[in-house]
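Please read the structure below before turning to the comments.
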Amino acid sequence: MKKIFMLIAALVIMAGAVNAKTDSTKRTIAVSSWLTAGPIGVRMPAFHDQNSVRGKKFKTADLLKLQTKKVNNPVKGEMFLMRNGKKIVWKEAKVSKSGYVNLKPLKNYSMAQAWLASWIYVDRFVKIKVETETRRCFELYVDGRKKISKYNVTGEKKEADKKSCNLTLERGTHLIVIKTLYNSEKKGTRKIVTRLTFPKALTNENIKTGTNPEFFMDIDHLLNGKHLTGASLSYSSKLIMLRYNKVFAPGGKSESWFEIRDRKTNTLVYSSQYAQISNVQWVPGKEAVSFKAKTADGNKLFMLDITTMTKTLLMDNLKETGYYRWSPAGDFIIYSVNEKPKKDKDGVIRVVNPMDRWPWWRNRGQLFKLNIADLSTERLTYGYLNSDIQDISKDGKKLLFSQSIPNFNERPYTKQIMMELDLQTHKVDTLWVQNFGGNAQYSPDGHKLLVTGSAQMFNGAGINIPKKMIPNDYDIQACIYDIKSNTATCITKNFNPSVQSAHWLSQDDNIYFKVEDKTWNKLYRYDVTSKSFTGLNAKVDMVSDFDIALQAPFMIYRGSSMQYPATAWICNIDGSNHQKVDDPEKEFFDNITFGKTENFNFKNKEGRTIEGRVYYPPKFDSRKKYPVIVYYYGGTSPTGRSFRGRYPKNLMAAEGYIVYVLQPGGATGFGQEFSALHVNNWGNTVADEIILGTQTFLKQHPAADARKVGCMGASYGGFMTMLLTTRTNLFAAAVEHAGISSIASYWGEGYWGYLYSSVASANSFPWNNKQLYVEQSPLFHADKINTPLLLLHGKADTNVPVGESIQMFTALKLLGKPVELVEIEGQDHHITDYKKRILWQKTIFAWFDKWLKEQPDWWNNLYPKEEL
């Protein structure tokens, strides 16, 4: 018996030793800084002693459960509540050395309610235990969600209750709020303390509490809030239309609407908020708008006169009606109706050509005319080809439209037919039939067309590169086409920026362009007489869209900058006198601290300048070492200075990374010769430029940790990520989204694979250029990959099929290399579902934290090990 007792005693001692060892890995601190609001007096409601319809009486603790007001952003000195004409403001609470807060009594009230608020900042993903000790009733919230509650009052002779929960916190600043209910007359019930327990290895730099928080870019600021999505002017410029979209957490539901404002006073005239309205357009010649609206008996097209606020029904039953366009005089509308083929019933389908794989390809859009005077309609086109509106002549007599026919014998595998239709006689004149078509609009006098498209349109009228090179067809040029002589002149042949949109203005007979100018989106004016371009210096880095009043010399534009969301500006059409019209997210971003940014360029092996830029973490300290994320696209579009986007650089920097973005050869916006480097290259020189650029960057930036460098890209950039990891061990981790692992399989399988390849692999095919299709495909060099690689892919991706990531995943698994594959159910090439987008974004950061910060906890929490 004695031996048994000694054995039990020994086990107890060992258990105690184990517990002591476990406890020694944790550290506990009390929250020592609080803001307080209150107390305010509360009273029971009338008839509280009666049973409700559910048979329950109202209890004192139920007062706490009532949501008086949510606490969002408490600031010392700011008002929180108004009671009996008195402002209840946030004040600094008195806190004892051990962390206790003792709230004040309140005269004339037996029960009082008060609030405590503090902030917790963590610089990594961490699990924390939060514990509150008090005799009173309370609710504790973290980031707006209730985590702990206590609805009973502990007697004075008993120890105060301790209530706790475990928190999982991601990097950033988190709000902790305590709402309390206590007996104002009993001193012992007003004492409260909150403690945090976390891994002992974390220092005061890793976890901080306080009442003066610092905020950095986060996913909430990436996705949520009120976004400006459009801006335009009425014909007279007296009115401004601004379009908005607002996203709501936590589900990601959104609403869209437009507002009409007076241009001079910027006062609101009309708002469509809370109405189901879309496709809004200004009506030419009137202070009126037209829009589609969902009603109880179907979709309809209405016109709203802003002056009189009268609404007119223009069209009923818009089930298959697509886009529409007003005539210049506002006396008719041209609209499209989608005509669908008979449904296949047997499930056996003959695919007639590669385009026939697209589920919508057999649908045909035909054009109709709505006469406003009598609201009568007439059909304009018929047949087996799509008819697309290009423009309506200024006198309203002719319709410019186009059709496209497959032509698989030569690039770009379609031919464009451009036609004019006489709206009186319905006679059609064909202007051209050519392989490389474009978008066209009438000149003010109707004798010419402004056409935008590849440099190869009109028999290569815009080509300005050495003969051995092939133009990049995504580098958009502008030509003036003379209808009578059937001749075209390229006006952008010696103009490096790539055209995005254009407007030939009747007022001054000048052409206004929005262009890709390197990594900026800018505005330019082209003087048709002097044949010269003039930059219109916008107040934003990335102009998203612009509009010019038809009868007044004013322009409105919308855009964002590297570290600021979308704003709207109005100016004279000569680019002078810029005035801000709207800044809807100013308050949302007022407290957000961004790190500094700067340009960083280098010369490649050929002596060509490769431009780039750097985003530093907020509160960057040059004496410290930081992990690095290198971001690129590498395809035909430049990586612009956008604020948000799928890969928001400000968010990466806020996660504690130095972010280096570079623009390797092949992108549009830098001139035709630069963009032509993309053709038939498939990363051959781009990979070398990214590697050299990263090495050069690391040498010149001592704060960048050369051992902790990650790389990432999407689509063509995902292809580049995989290709890079076959060529270098420079990167400690890599992320690719929707990338191409085998150029040949992408070429034949993706919906647009062969069409994109008609540019990127011009005149090269698997049977005549195996060097490109095999040797440039990362899959065929998978054995060279040693970098931990995360593959992300939407399972419904029709552009780059998910098999591209599956192939690489299978190869690396068989090779025993570090690889993870995360598929996103129901998502196409872009991850648009709100909740999945958040998880997708967190997956990227968790992967980089694991490999670049040696912090695997976040990844393990998202994707715990499974024994399968």
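The values are calculated or read from the model by the stated rules, or taken from the named source; none is laboratory data. Here the structure is a predicted model, which means the values were calculated and not measured. Cβ sites come from the backbone with ideal geometry, for glycine too, and all protein chains shown count toward neighbours.
Considering (1) buried (at least 16 other Cβ atoms within 10 Å of the Cβ); (2) over 23 Å from the mean Cα position of the chain (by Cα); (3) not in a helix (DSSP H, G or I), the lone condition that residue 864 does not fulfil carries the number (1). With respect to the stated conditions, residue 28 is loosely packed, with under 13 Cβ neighbours inside 10 Å and among the hydroxyl-bearing types (Ser, Thr, Tyr).
From the list 351, 269, which residue is more than 29 Å from the chain's Cα centre (by Cα) and over 27 Å from residue 552 (Cα atoms)?
Values: 269 fails: over 27 Å from residue 552 (Cα atoms).
The unique qualifying residue is 351.
Among the residues of the range 231-254, those identified as farther than 30 Å from residue 838 by Cβ and aliphatic (A, V, I, L, M) are 233, 239, 240, 241.
Given the criterion touching a strand residue (DSSP E or B) at 6+ places or on another chain (Cβ under 9 Å) and either touching a residue at least 60 places away in the same chain (Cβ under 8 Å) or buried (at least 20 other Cβ atoms within 10 Å of the Cβ) (or both), identify the matching residue among 636, 668.
Values: 636 fails: touching a strand residue (DSSP E or B) at 6+ places or on another chain (Cβ under 9 Å).
Of the residues listed, the single one that is touching a strand residue (DSSP E or B) at 6+ places or on another chain (Cβ under 9 Å) and either touching a residue at least 60 places away in the same chain (Cβ under 8 Å) or buried (at least 20 other Cβ atoms within 10 Å of the Cβ) (or both) is 668.
Can you tell me how many residues within the range 468-522 are of a type in the set (Phe, Trp, Tyr), outside any strand (DSSP E or B) and in contact (Cβ under 8 Å) with a residue 60 or more places away in the chain?
Of all residues in the range 468-522, those of a type in the set (Phe, Trp, Tyr) come to 474, 481, 495, 504, 512-513, 520.
Going one step further and asking which of them are outside any strand (DSSP E or B), we end up with 474, 495.
After this cut, where a residue has to be in contact (Cβ under 8 Å) with a residue 60 or more places away in the chain as well, the list is 474.
Within the range 468-522, residues that are of a type in the set (Phe, Trp, Tyr), outside any strand (DSSP E or B) and in contact (Cβ under 8 Å) with a residue 60 or more places away in the chain number 1.
Output yes when any residue across the range 267-286 is free of Cβ contacts under 8 Å to residues at least 12 places away in the same chain and under 24 Å from residue 230 (Cα atoms), and no when none is. The answer is yes; a qualifying residue exists.
For residue 530, indicate whether it is over 24 Å from residue 668 (Cβ atoms), part of a loop (DSSP other than H, G, I, E, B) and without any contact (Cβ under 8 Å) to a residue 12 or more places away in the chain.
So residue 530 fits the description; yes.
For the range 202-240, enumerate the residues that are small (Gly, Ala, Ser) and either in contact with a helix residue (DSSP H, G or I) (Cβ under 8 Å, 6 or more places away or on another chain) or without any contact (Cβ under 8 Å) to a residue 12 or more places away in the chain (or both).
Going through the range 202-240, the residues small (Gly, Ala, Ser) turn out to be 210, 225, 230-232, 234, 236-237.
Selection gives 225 alone.
How many residues, within the range 538-553, are in contact (Cβ under 8 Å) with a residue 40 or more places away in the chain and assigned to a loop (DSSP other than H, G, I, E, B)? Of the residues in the range 538-553, 8 are in contact (Cβ under 8 Å) with a residue 40 or more places away in the chain and assigned to a loop (DSSP other than H, G, I, E, B). The number of residues in the range 816-849 being of a type in the set (Lys, Arg) and under 18 Å from residue 172 (Cβ atoms) comes to 2. Would you say residue 828 is surrounded by fewer than 19 Cβ atoms within 10 Å (Cβ to Cβ), of a type in the set (D, E, K, R) and in a loop (DSSP other than H, G, I, E, B)? So residue 828 passes the test. Selection of helices (runs of 4 or more DSSP H) fully inside the range 643-712 by the criterion of at least 2 residues being more than 30 Å from residue 471 (Cα to Cα) returns 649-654, 686-700.
Please work out if residue 488 is modelled with pLDDT of 95 or more, in contact with a Leu (Cβ under 9 Å, 6 or more places away or on another chain) and aliphatic (A, V, I, L, M). It is true that residue 488 is modelled with pLDDT of 95 or more, in contact with a Leu (Cβ under 9 Å, 6 or more places away or on another chain) and aliphatic (A, V, I, L, M). For the range 351-444, the strands (runs of 3 or more DSSP E) that sit wholly inside it and include 3 or more residues that are touching a residue at least 12 places away in the same chain (Cβ under 8 Å) and among the polar types (S, T, N, Q) are 398-406.
A single member of 511, 405, 417, 463 is touching a His at 6+ places or on another chain (Cβ under 8 Å) and not aromatic (Phe, Trp, Tyr), and it is 511. Within the range 463-481, does at least one residue satisfy the condition of being surrounded by fewer than 18 Cβ atoms within 10 Å (Cβ to Cβ), in contact with a strand residue (DSSP E or B) (Cβ under 7 Å, 6 or more places away or on another chain) and of a type outside the set (S, T, N, Q)? Within the range 463-481 (the criterion being surrounded by fewer than 18 Cβ atoms within 10 Å (Cβ to Cβ), in contact with a strand residue (DSSP E or B) (Cβ under 7 Å, 6 or more places away or on another chain) and of a type outside the set (S, T, N, Q)), the answer is no, since none of the residues qualifies. Listed by first and then second residue, the pairs with beta-carbon distance under 6 Å, at least 6 apart or on different chains, first residue in the range 750-763 and without any contact (Cβ under 8 Å) to a residue 60 or more places away in the chain, second surrounded by 19 or more Cβ atoms within 10 Å (Cβ to Cβ), are 750/800; 750/801; 753/746; 753/747; 757/747.
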